[in-house]
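For reference, the structure is listed below as structure tokens.
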Amino acid sequence: MVDLTNESELTPQLEAVGEGRLEADVEIERFADQGRCIAHIDGRVVFVRFALPGEKVRIRIDEPHNRKDRFWTAEVTKVYEASSYRVDPSWPLAGPLAWGGGVGGADLTHVSLDGQLVWKRTSIEEQLRRIGKVDDPHVPVLRVPQDEEAGVGGLHWRTRAEFIADDLGYVSMRRRESHDRVRVKDMPLASKQVLEVAEHLDLFNLRFEPGDHIRITAPEPRDGQTSDVESGNWALLVNHELKEGREYVRERVELADGKACEYSVLASGFWQMHRMAPQVLVRDVLKLAQDFALKTEKLSDDDVIWDLYSGSGLFTVPLASRIVPHGQVLAIEGSQQAVSSAVKNAERNNVENITEIAGDVLQSLRHLKKNLSELAAPKLVVLDPPRAGAGKKVVEQIAQAQTPVVIYVSCDPASLARDIAVFREKGYELSFIHAHDIYPMTHHVETVVVLSRTGVNKYGEVSFC
Ligand SMILES: C[S@@+](CC[C@H](N)C(=O)[O-])C[C@H]1O[C@@H](n2cnc3c(N)ncnc32)[C@H](O)[C@@H]1O
């Protein structure tokens, strides 16, 4: 540990400020991962929260700070010279601890919406260069329609909001670096529909058992649906058990052709969180499937598509009905409950050309040739893995199946870059990439990529109007 009583251990940059705390004045150098930026103290890297490149700031080093650590982590306490991207925290409670914040969930709350796009673009490009070995990547990051509007400003996008009950049983959130739970009476990232449901339930004044996990799920109403809370299309879950509302909520995704797919989704399960994300991502996948697979004749409408990590069938249903209406979609998903929803969602949309497998993607693909050989040679693979990515072995299975086109939807640029590196080793080229800011106010971002067998149009032009 750094001996705070020993002057020689405190370099000129470091200052002991009482209660075992160390502070320093630093210049912030560049963006790093996890919503942090990089500074240096005496040659040691420090990852700083709530900073921006080019700023001069005072930071407090997180404890414990061991002399032997290769790097430290820290948080801004004071800004001397601000970046042009700095704004007052849009949600102060999620801002720096020193300014009365400390609850998680909005680590870019100090960054303007434009600055957030720059941050995310830089971070994806950096991972692609460093891990994916992609030369000179250009990754446009698109803002979701309506996120910039007055009264929204990057807030109110979560259709699922989660809390914990404090010692008195009130709805609260955990404060970083402590066991404190801070009672909350608002959640600025929650969609307006979630907040309406919270008001209807008087949620922020209810008492739960201390430590209870509380979740509200409330799909954003779409055209033709009532926005009335009385419609009952929402759920209050405590410790994953339904307390009020519905076990399954209805979600409607409007497609570019003016029609819509209807889904029934387990309120406690996975669904794309941003109120517009399902629509934005489905439209992307369909458009990219058309432009990179159908139009290039790599795929015909009677071919096979794999939809891996398929959840409740968000992509499976429109792929089956719009892209291969005379072929088959093989969907593989690990959660049995999500697969049950997906089967019902296919029926709900009158789609019959889907084969669902409940199981681990890698294991299922390994057994495919033996059990379902007619589905073993897909002309298009769509995959949307969890944060850890698909991994080398899954990528190898896709490559072994001689798949000409792959559409990869990713919520983590680092694992995406790792998987892209493997695809490239196996002869695929990055044909298209862009990203959507479906997690404003956080460092998270959703990237959509097309990989095709070498020779297919690199960085092909696709117009998403
Ligand atoms: C990012 S979600 C995507 C779901 C769906 N594509 C959607 O957009 O609604 C990832 C999904 O992968 C599933 N999953 C995670 N690991 C898996 C594995 N090893 N094998 C199969 N499914 C897995 C999760 O249950 C989850 O539904």
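The values are calculated or read from the model by the stated rules, or taken from the named source; none is laboratory data. Quantities reported herein were computed from a predicted structural model and do not represent experimental measurements. Please note: Cβ atoms are built from the backbone with ideal geometry, for glycine as well, and neighbour counts cover all protein chains shown.
Quick notes on this structure:
- Filtering segment 356-398 to residues that are more than 14 Å from the ligand (Cβ to nearest atom) and outside any strand (DSSP E or B) leaves Lys369, Lys370, Asn371, Leu372, Ser373, Glu374, Leu375, Ala376, Ala377, Pro378, Lys379, Glu396.
- Ala414 being in contact with a helix residue (DSSP H, G or I) (Cβ under 8 Å, 6 or more places away or on another chain), under 20 Å from Ile323 (Cα atoms), part of a helix (DSSP H, G or I) and not polar (S, T, N, Q): no
- Residue that is farthest from Pro440 (Cα to Cα), among those in segment 79-93 that are free of Cβ contacts under 8 Å to residues at least 60 places away in the same chain and small (Gly, Ala, Ser): Ala82
- Pick from segment 414-465, criterion under 20 Å from Ala399 (Cα atoms) and among the charged types (D, E, K, R), ranking: modelled with the lowest pLDDT: Lys458
- Filter result (more than 16 Å from the ligand (Cβ to nearest atom) and either in the same structural domain as Tyr248 (by TED's automatic domain parsing) or touching a helix residue (DSSP H, G or I) at 6+ places or on another chain (Cβ under 9 Å) (or both)) within segment 335-350: Asn350
Here is a yes/no grid of residues against (1) assigned by TED's automatic domain parsing to the domain that holds Glu396; (2) surrounded by 24 or more Cβ atoms within 10 Å (Cβ to Cβ):
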{"residue": "His240", "(1), (2)": "no, no"}
{"residue": "Arg252", "(1), (2)": "no, no"}
{"residue": "Gly258", "(1), (2)": "no, no"}
{"residue": "Ala277", "(1), (2)": "yes, no"}
{"residue": "Leu281", "(1), (2)": "yes, no"}
{"residue": "Ser310", "(1), (2)": "yes, yes"}
{"residue": "Gly313", "(1), (2)": "yes, yes"}
{"residue": "Leu319", "(1), (2)": "yes, yes"}
{"residue": "His326", "(1), (2)": "yes, no"}
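- Scope segment 382-401; condition at positive phi and of a type in the set (S, T, N, Q); matching residues: none
- Listed by position, the strands (runs of 3 or more DSSP E) contained in segment 221-334 that have at least 3 residues being within 15 Å of the ligand (Cβ to nearest atom) and in contact (Cβ under 8 Å) with a residue 60 or more places away in the chain are 260-266, 304-308.
- Here Val17, Val57, Val26, Val45 are screened, and the one residue that is surrounded by fewer than 17 Cβ atoms within 10 Å (Cβ to Cβ), modelled with pLDDT of 95 or more and among the β-branched types (Val, Ile, Thr) is Val45.
- Subset of segment 429-438 [within 28 Å of Arg275 (Cα to Cα) and either of a type outside the set (Phe, Trp, Tyr) or surrounded by 24 or more Cβ atoms within 10 Å (Cβ to Cβ) (or both)]: Ile433, His434, Ala435, His436, Asp437, Ile438
- Residue match in segment 415-428 (condition: more than 15 Å from the ligand (Cβ to nearest atom), under 30 Å from Met273 (Cβ atoms) and among the small types (Gly, Ala, Ser)): yes
- Taking (1) of a type outside the set (Ser, Thr, Tyr); (2) at negative phi; (3) not assigned by TED's automatic domain parsing to the domain that holds Pro278 in turn, Gly211 satisfies each apart from (2).
- Among the candidates Val184, Val197, Val144, residue that is under 27 Å from Ser410 (Cβ atoms) and hydrophobic (A, V, I, L, M, F, W, C): Val144
- Of the strands (runs of 3 or more DSSP E) that lie entirely inside segment 112-200, those containing 1 or more residues that are under 21 Å from the mean Cα position of the chain (by Cα) span 141-143, 160-165, 171-174.
- Residue check, Leu142 touching a residue at least 12 places away in the same chain (Cβ under 8 Å), crowded, with 19+ Cβ neighbours inside 10 Å and not charged (D, E, K, R): no
- Residue in segment 366-379 that is surrounded by 21 or more Cβ atoms within 10 Å (Cβ to Cβ), free of Cβ contacts under 8 Å to residues at least 60 places away in the same chain and among the charged types (D, E, K, R) present: no
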